[in-house]
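So the structure is just underneath, and the comments pick up after that.
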Amino acid sequence: MGTFLYRIHDFLALIKVLSLPRIVNYLKLYLSYWYTRTGFGFIKAGKPATFSFEPIASCNLQCPECPAGLHELTRNQGMASYELFHTVLKALAPNAFYTTIYFQGEPLLHPHFEEFVRMAKEHKLYTATSTNAHFLDEVNAQALVIAGLNRLIISLDGLDQKTYEKYRRGGDLQKVTEGIKTIRRARTELKALTPLIVVQFIVMKHNEHQMNDVRKFAYDLGADVVELKTAQIYDMNDPNEIIPINSKYSRYNRDQNGLMHLKSSLPNHCFRVWSSTVISWDGKVLPCCYDKDGDNAYGNLSTTDFESIISSNQASGFQHRIFSGRKEIEICRNCPEK
């Protein structure tokens with residue numbers, strides 16, 4: 001089966017999970033969002049249509065712009081339990097159709113990651129995750145295929161070891177390339193149509209000379225899709241010169257003093273915050289994936305039910321601020337969402 005047919009199957013898999021209650025919920029979200037965006041009033045209808053769940057908040061690599069790998073997260077680092085994910089699925093799956101089982105950290109470090117996938121599939125959710133592929137051995141690859149993972153995003157930010165490890169510090173490019181081949185082989189051997197193998201290449205100054213070659217490189221390994229992605233930085237002085245020269249692949253502009261500024265004007269609206277949520281490994285309900293430290297948590301599922309959390313003053317207050325002063329919210333200042 002060619003790559004195109006795998007993409008078609010992936011699209012149909014997404015359509016298949018769209019039950020009538022989930023479609024109705026999404027319409028509620030969409031219409032209430034646009035009503036609120038017009039300024040006539042604040043009306044929030046519907047529950048999260050998508051959500052991210054964090055299996056683990058630590059990583060085997062030390063990427064310079066990743067707080068998990070650098071152990072710079074201000075919140076505790078740990079590993080999610082089955083019980084928490086069961087609680088999350090019970091609360092969100094009736095209305096949500098898509099879950100990313102990943103937030104911070106390397107998800108395959110969780111010893112039973114495939115169980116989370118299996119649990120999500122039992123609730124008829126489309127499942128995705130993102131990995132650095134260092135743990136995609138034969139056992140894990142077959143487990144992911146058998147569990148039914150729909151989409152596997154693999155980070156590949158260099159086509160030779162020297163380029164790759166400049167950002168993926170502590171990483172081994174050969175493990176990544178072997179991981180891609182292994183998951184492709186497992187899919188073939190098990191006669192499965194999933195997961196869709198998506199190779200993601202973050203364009204940076206030190207690797208932008210390779211971005212024209214990455215598609216052939218990744219497709220030869222067995223990828224179905226190759227995506228070019230812009231880098232996020234935290235120090236707007238950009239001392240390590242991550243931002244590429246080709247401005248098309250940068251989410252920032254550089255001013256005459258060398259400081260970086262987000263290209264987005266940060267308008268007072270954000271459908272991502274409106275329609276999705278993030279659950280940390282210890283049960284915190286967060287507005288979006290940019291709240292890496294959990295500073296804007298709406299509540300915690302270990303002490304409060306989800307319905308009470310998303311209808312709380314904390315949740316509605318944050319969403320009100322999105323529509324009145326998004327530029328004043330710290331986690332929004334580095335977000336390209338338009």
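For the reader, a short list of remarks on this structure follows.
- Qualifying positions in the range 132-155 - in a loop (DSSP other than H, G, I, E, B) and either closer than 22 Å to residue 201 by Cβ or of a type in the set (S, T, N, Q) (or both): 132, 133, 134, 135, 136, 149, 150
- For residue 188, the criteria (1) without any contact (Cβ under 8 Å) to a residue 24 or more places away in the chain; (2) closer than 18 Å to residue 3 by Cβ; (3) crowded, with 17+ Cβ neighbours inside 10 Å; (4) not acidic (Asp, Glu) hold in every case but one, which is (3).
- Qualifying residue in the range 263-285 (condition: within 30 Å of residue 209 (Cβ to Cβ), part of a strand (DSSP E or B) and of a type in the set (Lys, Arg)): no
- Pairing each residue of the range 194-216 that is within 14 Å of residue 242 (Cβ to Cβ) with any residue that is open to solvent by less than 40 Å² (accessible area, probe 1.4 Å) and polar (S, T, N, Q), provided the two are 6+ apart or on different chains, yields C-beta distances under 7 Å for 203/230; 206/163; 207/163.
- Just one of the listed residues (119, 79) is modelled with pLDDT of 95 or more and open to solvent by 60 Å² or more (accessible area, probe 1.4 Å), and it is 79.
- Some residue of the range 43-54 being closer than 25 Å to residue 167 by Cα, open to solvent by less than 60 Å² (accessible area, probe 1.4 Å), out of contact with any helix residue (DSSP H, G or I) (no Cβ under 9 Å at 6 or more places or on another chain) and modelled with pLDDT under 95: no
- Residue in the range 244-263 that is out of contact with any strand residue (DSSP E or B) (no Cβ under 7 Å at 6 or more places or on another chain), surrounded by 15 or more Cβ atoms within 10 Å (Cβ to Cβ) and closer than 24 Å to residue 104 by Cα present: no
Okay, residues lined up against (1) under 22 Å from the mean Cα position of the chain (by Cα); (2) farther than 17 Å from residue 66 by Cα:
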position	(1), (2)
169	yes, no
173	yes, yes
178	no, yes
184	yes, yes
189	no, yes
200	yes, no
204	yes, no
208	no, yes
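- Qualifying residue in the range 89-103 (condition: polar (S, T, N, Q) and surrounded by fewer than 18 Cβ atoms within 10 Å (Cβ to Cβ)): no
The values are calculated or read from the model by the stated rules, or taken from the named source; none is laboratory data. On a predicted model such as this, the values are computed, not experimentally measured, just so you know. Using ideal geometry, Cβ is built from the backbone for each residue, glycine included, and neighbour counts are taken over all protein chains shown. Each accessible area value is taken on the protein alone, full model and side chains, heavy atoms only, with ligands, DNA and RNA left out. Shrake-Rupley method; radii C 1.70, N 1.55, O 1.52, S 1.80 Å.
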